[in-house]
Amino acid sequence: MELFQAADIWLMRNDFTFEFPRPTMPNIVYMSGFQCKPSKPLPKELEEFVQSSGEHGVIVMTLGTLVEHLPEDLAEDIAAAFAELPQKVIWRHKGTKPQSLGNNTLILDWLPQNDFLGHPKTKVFVAHGGTNGMQEAIYHGVPLVGLPLMFDQQDNFFRMASRGVAKVLDIATVNKNIFLEALKEVLYEPSYREKMKELSSLHRDQPMKPLDRAMFWIEFVMRHKGAAHLRTESYKMSKIQYHSIDVLAFLLTIFLLLFTIIISVVRFLWKKLFYRSKAKKE
């Protein structure tokens with residue numbers, strides 16, 4: 001922990017198109033989307049499949065590398081929902097091929113995610129909420145349907161939903177109808193795509209590329225043998241100093257002392273007045 005806290009520069013894989021506004025220290029460098037890049041042309045067979053979607057476009061679904069397939073009953077519901085849509089679907093799925101799979105859905109063991117998201121015919125990205133997928137979706141301006149599964153994925157999608165660019169589902173309760181309605185909402189409600197395009201524009205409008213910014217600060221630390229002038233020294237303070245417990249204790253002592261004096265004076269004056277009034281009556 002001391003090693004982490006003593007770091008001269010922190011490279012953070014987010015920015016304020018994704019993160020909520022907050023104050024940060026001067027040694028925090030944001031490099032969200034450093035892995036994002038313009039899409040490359042798809043392989044011929046995939047491009048032909050995408051172009052066959054016509055004006056309806058394409059839906060891309062992948063749940064990352066850790067989750068290769070879903071439970072069979074859920075996979076059947078998702079496949080059945082896809083089959084009712086006019087869009088073409090590219091689905092990364094390694095499990096048993098669902099029996100309800102429609103002719104509009106192509107299942108792949110692997111897909112070039114960035115290239116699909118950058119394709120002009122991609123309308124919706126069904127994702128699990130990993131950081132890479134979120135940043136690539138923002139970069140290319142593709143709205144989301146979320147199926148968060150673990151780790152930080154629910155939190156990531158909470159940020160996207162709060163910006164109006166994602167519809168988030170609960171993996172424990174999702175079924176065919178819920179999944180289909182979520183897809184239709186994101187596909188046919190223009191605000192999802194419009195707001196995601198706005199986020200994409202904000203994210204791209206930077207004085208330098210995120211990877212170039214990261215490289216500059218890495219080399220800055222190397223050139224100057226560190227960046228201690230940007231680093232807070234608070235990590236060297238004890239908990240008592242950091243939380244100003246000693247100051248609070250001192251102020252509390254003063255308050256209690258003054259309170260005791262005031263109470264004592266009030267009691268003294270009250271007794272004096274009481275005995276004076278009693279003497280007059282006698």
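The values are calculated or read from the model by the stated rules, or taken from the named source; none is laboratory data. Quick caveat: nothing in here was measured; it's all calculated off a predicted structure. All Cβ positions, glycine included, derive from the backbone under ideal geometry; neighbour counts span all protein chains shown.
Brief remarks follow.
- The set of residues in the range 184-224 that are more than 24 Å from Asp8 (Cα to Cα), surrounded by 14 or more Cβ atoms within 10 Å (Cβ to Cβ) and among the aliphatic types (A, V, I, L, M) comprises Val186, Leu187, Met196, Leu199.
- Put simply, of Asn114, Asn132 the only residue that is touching a residue at least 60 places away in the same chain (Cβ under 8 Å), outside any loop (DSSP other than H, G, I, E, B), surrounded by fewer than 17 Cβ atoms within 10 Å (Cβ to Cβ) and touching a helix residue (DSSP H, G or I) at 6+ places or on another chain (Cβ under 9 Å) is Asn132.
- Test result for Gly129, at pLDDT below 95 and on the phi > 0 side of the Ramachandran plot: yes
- Helices (runs of 4 or more DSSP H) (entirely within the range 184-282) containing at least 1 residues that are touching a helix residue (DSSP H, G or I) at 6+ places or on another chain (Cβ under 6 Å): 190-204, 239-242, 245-281
- Output for the range 146-182, where each listed residue is of a type in the set (A, V, I, L, M), in contact with a strand residue (DSSP E or B) (Cβ under 6 Å, 6 or more places away or on another chain) and crowded, with 17+ Cβ neighbours inside 10 Å: Met160, Ala166, Val168, Ala182
- Among residues that are of a type in the set (Asp, Glu) and modelled with pLDDT of 90 or more, Glu47 is included.
- Matching option when the condition is in contact with a Leu (Cβ under 7 Å, 6 or more places away or on another chain), within 24 Å of Phe116 (Cβ to Cβ) and in a strand (DSSP E or B), among Val60, Val50, Val29: Val60
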